[in-house]
Structures are given as structure tokens and as C-alpha cells.
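Report on the structure given below.
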Amino acid sequence: MIEVVRPGPLATVQDLGRPGHAHLGVPCSGAADGRAFRLANRLVGNPESAAGVEFTVGGGALRFRRPAWVAVTGAPLPVRIDGRACGMNAPCRVSVGGLLELGHPQFGLRSYLAVRGGITVDEVLGSRATDLLSGLGPAPLAEGDRLPVGPTAGLEDILVDAAPVVPLPEVPILRITPGPRDDWFTGEALTSLTSATFEVSPESNRVGVRLTGPRLERAREGELSSEGMVTGALQVPPSGLPIIVLADHPTTGGYPVVAVLASADVPMAAQLRPGQRIRFRA
């Protein structure tokens, strides 16, 4: 068992989500930065799909009731085990009764903790992920919660000492493919989308990254019937201010999608913090 001493601002159990249920209105959910999440599991010899913990702006503290190998990836922050500094993106050993503490990241938003054996809370629809939109999966972590850890027998050996990670640029440039509803917007709007600078709104969350900046003006009136949504879609509500939809987004939406992020850039979008400036490139 792992005891939650301090969860930080928002900590949730995540895995790779519950794909295949969109026809039931169930989002995929799962780790917002799948790249960092997969790396954490590989570092401790877990399958990439094993459940771990997603911390938002760090600040967490966990007490381990048995020895464990752990790895922390994602937004870079101070990591301490029983007061001793440990490196990120590398496997670290926690002894019986050990206290793992996370500081706060200087940049980036979400950090990931993998524990060898995985977190084995109950599954819902084949996944242990917390979905903040639908309420499926375990509740966000709270002080005093206990997290079970799975067996380690049969897992891969720990073979990697450390993994290099590319830092997040000061002003990330996210690559987009226009459409499928770019014809709903004026030429000036599309030019603004790829030439202007946008800023991340404090109202952002795991459902979507809300942006402030130039308003994207429509070329036609009316509303769409609800359509299927994909992670990374750039949805534009009547305000004209785009939203990058993330892991907990609804399965359908009625606002036109002006563009979709390159899938390789979705993890970068998941690390955007309120107040951060970004740009788009077609």
C-alpha cells in the first residue's frame, strides 16, 4: 500500500484510458501527457499501460508501506525521498516507510509517478483512469487515501539508468492540420490562427486548454449537429476563442473544429500552464 500524505492541487490515478467506448458517450480519458506517462512505466519495467499517478503542479507526498522502485517524469520538479534529492526520468528506490515528496515545477504542468507493479485500484470499463468529465474511475486523491500496488513478479528488468527529455520551449509552436470545419471561418481567421500568439487561460483543465487572443471570425451562420471529437481538436465556440480538447473531452461536440493538432504535439499541449504563450503552425 501507498498512503497519500498530501495530494497536491490535483492528483489522479491514470493509465492509457478506456478507448472504444465513444459510441456510449464515454471519453477515452487517461494520462494527458501520454508520452511522459509511458516513459515513467518503462523506467520501472512496467507495461506502458500500468496505472500511475498524474500530479498537477506537483506538491504531492506519498508514504510507502513496502519497498518499491519508482520513476517521476513529465513537468520537471524537485523529487525527494526521505529528504534526499533524487533525479527525474530515472528509476529510484524507496525503502519501507519511505516518504516521496514532489516540489513544484518551474515550467510545464503535469508530472507522472510510476511504481513498479502499477497502481491496482479497481477498474471501470477496463481502465483505472480518473475521468473528471464523466466521473468514472477513482476520485481525485485525498489525504489519507491508500493506493494498492500490484505484484512485481514477471516484470521486465530495470535496464535504463536515466532517459533524456527535451525541455518545453518558452513559446511552444504546435503543429496543426486545418479542418475539418475550416470552411466555417474567414480567411483572416485562418491567417490569425497561424500568425498570432495565443495565451493559455486559467480556466483550462483536463477537458481542454482554453486560449485567449485574436477571435476567429466565422464565415457562415448557424450551428453544427454534434460530431465526433478527437483529442487535439481545436474547437471554436461562439466566443471565437479556440479550445484545444484534451484527454477528458466529450466524445461529441457541436462547435466547429477549425484544425487538429499533430498527434505528436498533444503531449506538449497537456503541459501548457495558465499564462503561457503559444503559437500554431500549419
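The values are calculated or read from the model by the stated rules, or taken from the named source; none is laboratory data. From a predicted model like this one, the values you see are computed outputs, not experimental measurements. Note that each Cβ is placed from the backbone with ideal geometry, even for glycine, and that neighbours are counted across all protein chains shown. Areas reflect the complete protein model, heavy atoms only, side chains present, ligands, DNA and RNA absent. Shrake-Rupley method; radii C 1.70, N 1.55, O 1.52, S 1.80 Å.
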Checking VAL94 against (1) out of contact with any helix residue (DSSP H, G or I) (no Cβ under 9 Å at 6 or more places or on another chain); (2) open to solvent by 20 Å² or more (accessible area, probe 1.4 Å); (3) not hydroxyl-bearing (Ser, Thr, Tyr), which test does it fail?
(2)
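Quick check: anything in segment 50-60 over 25 Å from ALA269 (Cβ atoms) and either surrounded by 23 or more Cβ atoms within 10 Å (Cβ to Cβ) or not assigned by TED's automatic domain parsing to the domain that holds VAL124 (or both)?
Here is the first cut: in segment 50-60, the ones over 25 Å from ALA269 (Cβ atoms) are none.
So far as segment 50-60 goes, no, none of its residues is over 25 Å from ALA269 (Cβ atoms) and either surrounded by 23 or more Cβ atoms within 10 Å (Cβ to Cβ) or not assigned by TED's automatic domain parsing to the domain that holds VAL124 (or both).
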Residues being open to solvent by less than 50 Å² (accessible area, probe 1.4 Å) and closer than 30 Å to VAL121 by Cα - total across segment 151-187:
2
Counting only residues that are open to solvent by 20 Å² or more (accessible area, probe 1.4 Å), farther than 30 Å from GLY275 by Cβ and part of a strand (DSSP E or B), how many does segment 62-91 have?
3
Which of the residues spanning segment 32-50 are more than 20 Å from THR231 (Cα to Cα) and either assigned to a loop (DSSP other than H, G, I, E, B) or of a type in the set (Val, Ile, Thr) (or both)?
VAL44, GLY45, ASN46, PRO47, ALA50
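Please determine whether any residue of segment 64-73 is within 16 Å of the chain's Cα centre (by Cα) and in contact (Cβ under 8 Å) with a residue 24 or more places away in the chain.
Checked against the condition, which is being within 16 Å of the chain's Cα centre (by Cα) and in contact (Cβ under 8 Å) with a residue 24 or more places away in the chain, segment 64-73 yields at least one hit.
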If GLY20 satisfies all but one of (1) touching a residue at least 40 places away in the same chain (Cβ under 8 Å); (2) over 22 Å from LEU109 (Cα atoms); (3) not β-branched (Val, Ile, Thr), what's the number of the condition it fails?
(1)
